[in-house]
């Protein structure tokens, strides 16, 4: 069944709409909720507030998904690793939210991904039994969350031949088969954030990127247009701080302990075009794994680290050499031919906004989220993870309504599909190339139609790229892209590989010149 939450015209974000919305704010438009931060939690909070009938404004000083939200593993996971630490509540919550994303919110952006743990000599019988028990517990989580096996199959044992078919470069000497479980994978985390923001806009929220919030209290803020330098003062009834690892810059009463997660980017050929997440236990741990998984644009991502990241928070974190070595050293024993730094196309790192605790390691800090109330009246949401963004947003807006004395309807986001959402047989009947349907859902037809009307838009943005010029155009007219970085680094992920970025940069500049 096709499920589209709002008409495309109402959801379109672009430079003209941004200018008009800023102008209305300058004329004294009333605001119930000001959300600061354009990542997945902030966009989710803006959607939650707007669909409850609250007059909502979302501001982001850079671009949508500029921060941590675009640096994730792209996994919508069921919280299996938390069971090892006895955190049943957060594990169940993760499984429930995964199911909502896959069935209702964004079925076009989330797909089932098999996870393969190869049974190699380094994994003894006892460890294999622990992994198998964990996968069976994951099945119970899936069932408890109400996610059917038609969406996520049951875990099972795989024969050696199947393991090699799924992960062709796995080491074959001593391979006893593998253990398989299924989880969710996002086509692109940044695209999820854009879809959330656009759906919020369709429900009346004003979404303002390149807009910085200064001198923030619980009911006032100075907004600065970073493109023009102009400022205006707004007086919302409540402010929600959803700025992630920058939350303490808005509310100094918060103490964060950021953790850095690093991924490496490889060509798909380096892993033999694997079709599963090749998952290797980290030596000495029963709950941590390194995994290589297929990603967009013919790439494979290898992650994940969990390192303390004290000090000032950079706009774009960088992987440490020790993390690169750790990832290679952990995955290589599972491969027939070891990978080297020469095989790496690119890398990225993201910072998790974890609350400071007395634990010695960020790997041991709970990933539960927290809603905090500042002495100045600001409501802050921190912690958590991408999979549970919707519940985080719901809790933040519940707190904002109570704290601000607002009158609002109930939360609707459990049943609310995002712009473009499509699932089931309806997906098979969409008239557009599969790669566009995977990225745009029901809107793929509009992107394909633009390419048909203009032969120039039907061309790839760079030789060998699977991104069409029509996608750049659509990003500018409908997805709020304002400059080349938005196009290359967030509406697409071309920018993760420096050579690809350089090749596509002229097409990005041309698209901006043509449309703006």
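Observations on the model:
- Checking each residue in segment 262-275 for being touching a helix residue (DSSP H, G or I) at 6+ places or on another chain (Cβ under 7 Å) and assigned to a strand (DSSP E or B) picks out 262, 264, 265, 266.
- Residues in segment 11-44 that are buried (at least 24 other Cβ atoms within 10 Å of the Cβ) and either assigned to a loop (DSSP other than H, G, I, E, B) or free of Cβ contacts under 8 Å to residues at least 12 places away in the same chain (or both): 37, 38, 39.
- Filtered by the rule that a residue be in a loop (DSSP other than H, G, I, E, B) and either at positive phi or touching a residue at least 12 places away in the same chain (Cβ under 8 Å) (or both), segment 240-261 gives 242, 243, 251, 253, 254, 255, 257, 258.
- When residue 63 is tested against the conditions (1) on the phi < 0 side of the Ramachandran plot; (2) surrounded by fewer than 22 Cβ atoms within 10 Å (Cβ to Cβ); (3) in a loop (DSSP other than H, G, I, E, B), the lone failure is (2).
- Test: residue in segment 417-425 that is more than 22 Å from residue 202 (Cα to Cα), outside the structural domain of residue 199 (by TED's automatic domain parsing) and in a helix (DSSP H, G or I): yes
- Test for residue 101: is it outside the structural domain of residue 231 (by TED's automatic domain parsing) and touching a strand residue (DSSP E or B) at 6+ places or on another chain (Cβ under 6 Å): yes
- Residue among 466, 398 that alone is in a loop (DSSP other than H, G, I, E, B) and either modelled with pLDDT of 95 or more or over 30 Å from residue 92 (Cβ atoms) (or both): 466
- Residue within segment 228-239 that is under 18 Å from residue 305 (Cβ atoms), part of a strand (DSSP E or B) and more than 19 Å from the chain's Cα centre (by Cα) present: no
The values are calculated or read from the model by the stated rules, or taken from the named source; none is laboratory data. None of the values given here were measured: they were computed from a predicted structure. Here the Cβ is made from the backbone with ideal geometry for all residues, glycine too, and neighbour counts use every protein chain on show.
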